[in-house]
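Input: a single structure, listed below in structure tokens.
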Amino acid sequence: MTTHQIKVALGDRSYAVLVGHGVINQLETMLPKSAKRAVVITQKNVALQPKLKIPSTTIVIGDGEEHKNMQTIEMIAEKFAEFGLTRNDVVIGVGGGMVTDIAGFAAASWHRGTAVVHVATSLVGMVDAAIGGKTGVNIAQGKNLVGAFWQPSGVICDLDALETLPQREMRCGLGEVAKYHFLTGDDLLALEMSERIARCVEIKARIVAADERESGGRALLNYGHTLAHALERSSNFSLAHGEAVAVGMIFAAHLAHAMQRIGTPRVEEHYRVIGETYGLKVKPDEKIERRELIDLMHHDKKAVSGLTFVLDGPSGIEIVSGVAEAHLMQAFDAMQLNEK
């Protein structure tokens with residue numbers, strides 16, 4: 001079977017992303033030569049686990065976003081200390097986006113920087129979360145507000161893991177795949193799964209290489225995420241990330257239309273691609289509290305100059321600051337979202 005290797009080009013911190021069946025068997029090649037021991041961070045529902053030649057221990061973290069917090073980082077750090085993990089050793093995150101976010105942040109914090117390798121086992125992790133070095137945890141005021149940029153030494157995307165995923169998890173991944181559709185116009189669903197994932201990795205690798213610390217173009221990867229993060233928090237994460245991103249892109253299209261950045265045909269294209277082609281939700285099942293969502297969006301990481309969104313427009317997807325609340329209300333109305 002074909003194995004794809006994609007390079008994230010960051011000078012002396014460049015690394016490879018391997019996509020294919022059985023590629024977890026190549027994990028040893030990505031570990032730092034200095035590593036004498038390893039700590040694996042994972043969850044109990046993750047079936048795919050590495051077999052390591054060096055001494056290792058496994059930390060199992062809780063399932064669900066309520067465990068993506070500083071208390072989990074503190075617990076992990078205590079386990080690191082008990083095991084005697086040094087700066088020259090390695091942390092291995094095995095799981096979906098939540099696991100790689102937490103493992104990456106724990107590694108970035110331990111001894112001010114310990115190597116990390118990610119084994120992504122979800123579609124969201126493979127096409128987005130495990131790549132690019134963004135790590136973080138949530139606090140009450142918002143999602144991923146505490147974190148660090150810490151690039152992995154390598155990323156494994158073993159497609160065997162996808163065979164164990166529930167259908168909802170696969171749909172969540174398609175929310176991120178649909179995002180790349182609007183960033184590039186590529187017909188990703190026309191590709192076989194391994195090629196589709198590899199193409200998404202290539203797109204993200206190129207964007208990260210050009211803007212590692214999200215000072216410019218990398219923020220475009222947050223298309224649909226401003227409302228998505230607010231929806232996740234307001235629903236106590238009953239709405240999964242990929243589902244929320246899909247709804248967030250629909251909202252962003254309506255917002256761009258309200259601001260006269262795009263016409264009705266482009267809004268309709270969002271519905272066609274997200275709802276029909278990818279089969280994703282185009283609005284939440286539950287009624288929403290607009291004021292709560294707007295307050296949460298004010299805490300978004302991009303909000304450095306008022307409400308900030310990644311929006312479609314005549315020049316394509318770009319960052320737009322100072323968005324008026326009146327336009328948000330127009331977008332909510334256009335989506336026919338009912339308030340609680």
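Residue count for the stretch 256-270, restricted to those that are assigned to a loop (DSSP other than H, G, I, E, B), free of Cβ contacts under 8 Å to residues at least 24 places away in the same chain and surrounded by 11 or more Cβ atoms within 10 Å (Cβ to Cβ): 1. If you filter the stretch 83-117 down to residues that are surrounded by 24 or more Cβ atoms within 10 Å (Cβ to Cβ) and of a type in the set (D, E, K, R), you find that the one that is nearest to the chain's Cα centre (by Cα) is ASP101. Only residues that are aromatic (Phe, Trp, Tyr) and either surrounded by fewer than 14 Cβ atoms within 10 Å (Cβ to Cβ) or free of Cβ contacts under 8 Å to residues at least 24 places away in the same chain (or both) were counted in the stretch 177-222, giving 0.
Within the stretch 56-82, restricting attention to residues that are closer than 11 Å to THR42 by Cβ and over 21 Å from the mean Cα position of the chain (by Cα), the residue that is surrounded by the most Cβ atoms within 10 Å (Cβ to Cβ) is ILE59.
Considering only the stretch 295-316, how many residues are at pLDDT 95 or above and either within 18 Å of LEU231 (Cα to Cα) or of a type in the set (A, V, I, L, M, F, W, C) (or both)? Of the residues in the stretch 295-316, 3 are at pLDDT 95 or above and either within 18 Å of LEU231 (Cα to Cα) or of a type in the set (A, V, I, L, M, F, W, C) (or both).
Scanning the stretch 1-29 for residues that are hydroxyl-bearing (Ser, Thr, Tyr), in a loop (DSSP other than H, G, I, E, B) and in contact with a Ser or Thr (Cβ under 8 Å, 6 or more places away or on another chain) returns a single hit, THR2. Evaluating PRO265 against the criteria (1) modelled with pLDDT of 95 or more; (2) closer than 23 Å to ARG168 by Cβ; (3) over 20 Å from the mean Cα position of the chain (by Cα) leaves one unmet condition, (2).
Here is a yes/no grid of residues against (1) modelled with pLDDT under 95; (2) among the hydrophobic types (A, V, I, L, M, F, W, C); (3) over 15 Å from VAL99 (Cβ atoms):
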{"residue": "ALA16", "(1), (2), (3)": "no, yes, yes"}
{"residue": "GLN26", "(1), (2), (3)": "no, no, yes"}
{"residue": "THR29", "(1), (2), (3)": "no, no, yes"}
{"residue": "PRO32", "(1), (2), (3)": "no, no, yes"}
{"residue": "ALA35", "(1), (2), (3)": "no, yes, yes"}
{"residue": "ILE41", "(1), (2), (3)": "no, yes, no"}
{"residue": "LEU52", "(1), (2), (3)": "no, yes, yes"}
{"residue": "PRO55", "(1), (2), (3)": "no, no, yes"}
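Among the residues in the stretch 124-139, are any within 30 Å of ARG168 (Cα to Cα), assigned to a loop (DSSP other than H, G, I, E, B) and in contact with a His (Cβ under 6 Å, 6 or more places away or on another chain)? Checked against the condition, which is being within 30 Å of ARG168 (Cα to Cα), assigned to a loop (DSSP other than H, G, I, E, B) and in contact with a His (Cβ under 6 Å, 6 or more places away or on another chain), the stretch 124-139 yields at least one hit. Report whether or not PHE251 is of a type outside the set (Lys, Arg), touching a residue at least 40 places away in the same chain (Cβ under 8 Å), in contact with a Gly (Cβ under 9 Å, 6 or more places away or on another chain) and not in a helix (DSSP H, G or I). Answer is no for this residue.
Taking the criterion of being outside any loop (DSSP other than H, G, I, E, B) and touching a residue at least 40 places away in the same chain (Cβ under 8 Å), the residues of the stretch 30-59 that qualify are MET30, ALA38, VAL39, VAL40, ILE41, THR42, GLN43.
Of the residues making up the stretch 99-123, those that are closer than 24 Å to ARG171 by Cα and in a strand (DSSP E or B) number 3.
Just one of the listed residues (LEU159, LEU165) is among the hydrophobic types (A, V, I, L, M, F, W, C) and either modelled with pLDDT under 95 or touching a Phe, Trp or Tyr at 6+ places or on another chain (Cβ under 6 Å) (or both), namely LEU165.
If we scan the stretch 306-322, do we find a residue that is under 25 Å from the mean Cα position of the chain (by Cα), touching a residue at least 24 places away in the same chain (Cβ under 8 Å), in a helix (DSSP H, G or I) and on the phi < 0 side of the Ramachandran plot? Checked against the condition, which is being under 25 Å from the mean Cα position of the chain (by Cα), touching a residue at least 24 places away in the same chain (Cβ under 8 Å), in a helix (DSSP H, G or I) and on the phi < 0 side of the Ramachandran plot, the stretch 306-322 yields no hits at all. Checking GLY142 against (1) buried (at least 18 other Cβ atoms within 10 Å of the Cβ); (2) modelled with pLDDT of 95 or more, which single condition isn't satisfied? Failed condition: (2). One residue stands out among those in the stretch 158-176 that are crowded, with 23+ Cβ neighbours inside 10 Å and not acidic (Asp, Glu): the one that is nearest to GLY95 (Cα to Cα), which is ALA161.
The values are calculated or read from the model by the stated rules, or taken from the named source; none is laboratory data. Predicted model only: the values in this text are computed from it and were never measured. Neighbour counts are summed over all protein chains in view; Cβ atoms, including those assigned to glycine, are modelled from backbone coordinates with ideal geometry.
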